[in-house]
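Novice: I'd like to ask you about the structure that follows.
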Amino acid sequence: MISPEQKMDLMISLCKRRGFVFPGSEIYGGFANSWDYGPYGTELKNNIRRAWWGRFVERRGDMVGIETPIVMNPKAWEASGHVQTFTDPLLDCKKCKKRFRADHILPSAGAIPLYDKEQPPPAKRAGKKAVCPACGGELTEPRQFNLMFKTFVGVTEDASSLAYLRPETAGGMFVAWKNVRDTMRKRLPFGIAQIGKAFRNEITPGNFIFRTREFEQMEIEYFVKPEEAPEAFEMWLKEMKSWVEDVLCISPKNVEYVEIQEKDRAFYSARTIDIEYKYPFGQKELYGLANRTDYDLSRHGQASGEDLTWLDPKTSKRILPFVIEPTWGLDRTLLALLCEHLDIDEAPTSDEGNSEPRMVLRLPPMLAPVKAAILPLQKKGGLTEIAEKLTDAIRQEGMMVEYDDSGSIGKRYRRQDEIGTPWCFTIDPESVDDGNATVRDRDTMAQERLAIIDIPAWLQKKLNT
Ligand code: GAP
């Protein structure tokens, strides 16, 4: 039986060996918790982004998408509360000097809600004295540590040029709300979507790509009349469930929708649900959904002096919309997909002297980095020419395809299984005479003969069903 730790190790090793995720800055000895996405990881991320944008922006009439800068006017982060309170509570070990997040070593204390200064420190809430998990030494009381990365804009490096890398993409959408409201002729309810990088100086990053200092978010700020907020919350909860189950094909038994109690919520949130996935290293957050009330628009309105209200054409009254915020982490989506769909054969056949068990990445075909592999059985007899032509025809249809004519067919199948290619086409000597190829299905292993000329259209059809 493969343990969760072994599963993570095998997955991380496959990611490196097959070009999904590499340790960042590796030739310089690495850089704590930074990762490079290799060619297949990048393709997989692109496919997730595309699926998300198509589903939540292009195919909905009540959404628009924008792109805002990573470095914004720092006043925006003062207004949002991030400068003052986007903090993690940290404890230092007086003996070994290691540093920990208070809520990580005292889970019974609960997470400290962001922006909430009123809560007592977790050690006190838990009613017990914390000790260092590394050496058992005495820990300090928590200190608040701001997670925003600082930078300087322009030639001087002083307080007047201080700016921040955005810790979430959401801020840009609130700041741009006025311009979107005034240009897009939308009626409430409608949402603004953004995909982009966010940065947090996480103190205890870890678990592969689960918590990193640089990551990508796919976020929506959905603006509604205050009285319609509960209904919109339910609508987005359904949408998020459907994304998890129908697009990512993640089993409902591996996901928990955790209603966050009022005492643990950010003070401005009327309702929050954390969507948690059962990773091999434990059940942890995948996505979040919050009713942020009118907190953000009212704070930015006050700080900027701009009128951020919306004119209700029915009543001719100006109102400050509420915001429902569904938020998705792109890197965590990729991680959950790998955890969910990497099938590890518990009783591996020791073929080709490979010491690792047989692994198949059963990704949904729409998300798989490579859709098809073309494998001529031999290099002579005109097979490679047919295979190259077919590869090119599929490529011209806009699908990622690989041509591979070296090594045993078993090894070639195995490589494609490990990168999640749903269909492999073999070109054999008979193909020269009858114009057919054999398609092998990654999941069922079923084989079928198809006319080579029909294969690009066959693939398109498969991907659209
Ligand atoms: N605008 C709301 C917001 O940013 P969040 O729960 O802090 O909420 C949203 O972040 C999502 O971003 C998380 O559910 C997670 O998927 C992802 N995320 C947050 N911090 C992350 C990190 N350090 N590394 C990777 N992903 C992260």
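Novice: Dividing the Cα radius of gyration by the Kirkwood radius, what Rg/Rh value follows for segment 370-463? Please report the intermediate quantities before stating the final value.
Specialist: Working: Rg = 11.9 Å, Rh = 12.9 Å.
Dividing the radius of gyration by the Kirkwood radius yields 0.92.
Novice: Starting at the first residue of segment 315-332, write each ³J(HN,Hα) from the Karplus equation 6.51 cos²θ - 1.76 cosθ + 1.60 with θ = phi - 60°, in whole Hz, x for Gly and Pro.
Specialist: 9, 6, 9, 8, 10, 9, x, 8, 10, 9, 10, x, 10, 10, x, 6, 5, 5
Novice: If you don't mind, there's one more thing I want to ask. Principal axes first, then extents: for the Cα atoms of segment 39-105, list largest minus smallest coordinate on each axis, whole Å, largest first.
Specialist: Per principal axis, max minus min of the Cα coordinates gives 56, 37, 20 Å.
Novice: Once each part is reduced to its C-alpha centroid, what is the distance from segment 374-450 to segment 1-70 in angstrom?
Specialist: Computed from Cα coordinates, the inter-centre distance equals 27 Å.
Novice: Taking every pair of distinct Cα atoms and averaging 1/r, then inverting, what Kirkwood hydrodynamic radius in Å comes out for the chain?
Specialist: On the way: mean 1/r = 0.0400 Å⁻¹.
That comes to 25.0 Å for the chain.
Novice: While we're looking at this one, here's another question. Using only helices, what value at 222 nm comes out for the chain when you add -39,500 (n - 2.57) per DSSP H run of length 4 or more and divide by the total residues, to the nearest 500 deg cm²/dmol?
Specialist: -8500 deg cm²/dmol
Novice: A further question on this structure: Rg/Rh for segment 196-236 to two decimals, with Rh computed the Kirkwood way over all alpha-carbon pairs. Spell out each step's value before the answer.
Specialist: Values: Rg = 15.6 Å, Rh = 12.9 Å.
When Rh is taken as the Kirkwood radius, the ratio is 1.21.
Novice: Output the peptides 35-46, 157-168, 288-299 sorted from most to least packed, where packing is the average of other Cβ atoms within 10 Å over each peptide's residues.
Specialist: Working: 35-46: 18.9, 157-168: 15.6, 288-299: 21.1.
Top of the packing list down: 288-299, 35-46, 157-168.
Novice: Using amide H atoms built in the peptide plane, which far-off residues or other-chain residues are under 5 Å from Trp35 H to H?
Specialist: Close amide H contacts, sequence-distant or interchain: Gly24.
Novice: Could I ask something else about it? For segment 370-463, what proportion of DSSP beta bridges, expressed in % and rounded to the nearest 5, is antiparallel?
Specialist: 55 percent
Novice: Check the straight Cα-Cα distances from Lys75 and name the aspartates and glutamates below 18 Å, setting aside those fewer than 8 residues away within the same chain.
Specialist: List returned: Glu157, Asp158, Glu168, Asp296, Glu306, Asp307.
Novice: Would you mind checking Lys178/Lys314; Lys178/Lys263; Lys7/Lys94; Lys263/Lys284; Lys178/Lys225 for any pair whose Cα atoms are more than 25 angstrom apart? Walk me through the numbers before you get to the answer.
Specialist: Working: Lys178/Lys314 20 Å; Lys178/Lys263 32 Å; Lys7/Lys94 35 Å; Lys263/Lys284 19 Å; Lys178/Lys225 16 Å.
In this structure, Lys178/Lys263; Lys7/Lys94 lie more than 25 Å apart at Cα.
Novice: Okay, moving on. Give me the count of lysine pairs in segment 373-465 whose alpha carbons sit under 23 angstrom apart, restricted to pairs 8 or more positions apart or on different chains.
Specialist: Summing the qualifying lysine pairs gives 7.
Novice: With no other cysteine's Cβ closer than 4.7 Å, which Cys residues of the chain count as lacking a disulfide-compatible partner?
Specialist: Cys15, Cys249, Cys339, Cys424
Novice: Output the relative contact order of the chain, whole-number percent, from Cα pairs under 8 angstrom with separation of 6+ residues.
Specialist: 12 percent
Every number here is computed from the coordinates shown, using simple stated rules; none is lab data. Since we're looking at a predicted model, the values are computed, not measured. Note: ideal-geometry Cβ built from the backbone for every residue, glycine included; neighbour counts use all protein chains shown.
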